[in-house]
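Structure first, then comments.
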């Protein structure tokens, strides 16, 4: 069967409920489904007891995520979901529907007009949008967009941001979620990681003489307490959901955890059992952070049940990129965060939509982070046509949730990282089972058949030159169409050529 077919454990859909949810009456926002987008930071494809591969792996046996297991049993598991290989590009794509090659926020952002890319003697990154996205024009080095929460708020949703933002650089409008259409912002600012996960340290880097730019804002009520950041954020999210439900309004909750991003600090509620199981300090710490995140998921699912709104709430779970290089590889995948290989870009994703998604569903159709934008808008009954300043690259996966064929079965997926930060610069393309990687520094191509070689161990570029050439031409066309910026080869005093040229 084609990878573009979704395989269902059970396939009876409640047609009436699906119609009502997908076609809310204009002007009756309260009838529209609530939406909870639960985004985890740096969580690898296999860092869960839910197996996303065709067989259970060693990491699946290591981690304990019972609430993810419950969510998978109640909804759909996407085994080929993708993000960018690093955080800010993913987050901008999810908020705008744009591919990273188009919005040109292709690396992580923090300080205004300051790139994290180190200087190299051979390659110079392009003038990318180092300041992230902006809801208004006139801010240098930004992409101007109409954000998802703005459109949802206009449709009658209470829009709630809790956790990590990382959309725009410090001192720019995009730094503040309230400027992007969120009614509420808890703890979101320019930084992509916390100063600390511990309330005893005020979630600040000051205790270890770290840079205070990482300090998590807005959680002063928890300062000095014996509480983990993930727990504090969850409590705040629950408060705002309770208040919104009490008002009878639909909500969009963007629950964007800092976990499992560095600094890796143990959650004492879960740490010792992993040590007792024989894991070393780092692995036990990492596992405790994973389970802490899973507890948050369970607490929010329990809140929806307690408030009586679980049956009318769509829950999307995903990660923003693969696991960091310090963590164990997510075998059988190759690579890690920031790399073009599957370990850097393939992420866990689960969706529950009562009455629409059949329980226990497995979908093997590839989807990518920019698809979240049109999908959530369609679920909310919002047509973005003519209402965004940006071109939307994403495609709604609502048909997949309903058990139908994908809206665009022959799509090409593009990644673009023209940088010197931590990993060599590259662009990549997936079309069907083929994966092409273009390494900028030496303008070299790699070709992999993901169906036969999910671990990307066997480069077929030389063995299959026709496929390599065709995919290179397609990647070049898409990069040009989206205005992708290429780095400069300093020793040759020229820009890196587009693949195939």
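Sorted from largest down, what three extents in whole angstroms do the Cα atoms of the range 245-377 have along their principal axes?
Largest first, the range 245-377 extends 47, 35, 26 Å along its Cα principal axes.
Could you list 478, 400 so that the one with the fewest beta carbons within 10 Å of its beta carbon is first and the one with the most is last?
So the residues, fewest neighbours to most, are 478, 400.
Please report the orientation-averaged projected area of the chain, defined via the convex hull of its C-alpha atoms, in nm².
Average of the hull's projected areas for the chain equals 22.6 nm².
Using only Cα atoms, what Kirkwood radius does the range 274-345 have, in angstroms?
14.6 Å
For a footprinting-style exposure proxy, rank 201, 336, 257 by other Cβ within 10 Å, fewest first.
In increasing order of surrounding Cβ atoms, one gets 201, 336, 257.
Checking the a/c ratio against 1.5 first, then a/b against b/c, what shape does the Cα gyration tensor give for the range 365-501?
Verdict is oblate for the range 365-501.
Provide, in order from the shortest bin, the percent of all Cα-Cα pairs of the range 23-103 in each 5 Å bin, continuing until the bin that contains the maximum pair distance.
That works out to 3, 12, 16, 18, 16, 15, 12, 6, 2, 1, 0, in percent per bin.
Taking Cα pairs under 8 Å and at least six residues apart, what relative contact order does the chain come out at, in percent?
Dividing the mean separation by the residue count of the chain yields 25 percent.
Counting other C-beta atoms within 10 Å, which of 229, 338, 279 has the fewest, and how do the rest follow?
By the 10 Å Cβ count, ascending: 279, 338, 229.
If each Cα of the range 424-495 is one equal point scatterer, what is log10 of I(q)/I(0) from the Debye formula at q = 0.13, 0.15, 0.22, 0.24 Å⁻¹?
-0.40, -0.52, -0.99, -1.11
Kirkwood-based Rg over Rh for the range 354-410 (C-alpha set), two decimals?
0.98
Between the range 144-163 and the range 303-344, how far is it from one alpha carbon centroid to the other, in angstrom?
22 Å
Given a cut-off of 17 Å, what percent of all Cα-Cα pairs of the range 142-200 lie beyond it?
Across the range 142-200, Cα pairs with separations above 17 Å total 41 percent.
Using helices alone, I'd like the mean residue ellipticity at 222 nm for the chain: each DSSP H run of four-plus residues gives -39500 (n - 2.57), total over residue count, nearest 500.
Working: 13 runs with 127 residues, N = 501.
Theoretical 222 nm ellipticity from helices: -7500 deg cm²/dmol.
In square nanometres, what is the average projected area of the Cα convex hull of the range 324-426?
Value for the range 324-426: 8.9 nm².
Laboratory data are not the source of any read-out in this text; all were calculated from the coordinates shown. Because the structure is predicted, anything quoted here is derived from the model rather than measured. A quick note on method: Cβ atoms are made from the backbone with ideal geometry, for glycine too, and the neighbour counts reach across all protein chains shown.
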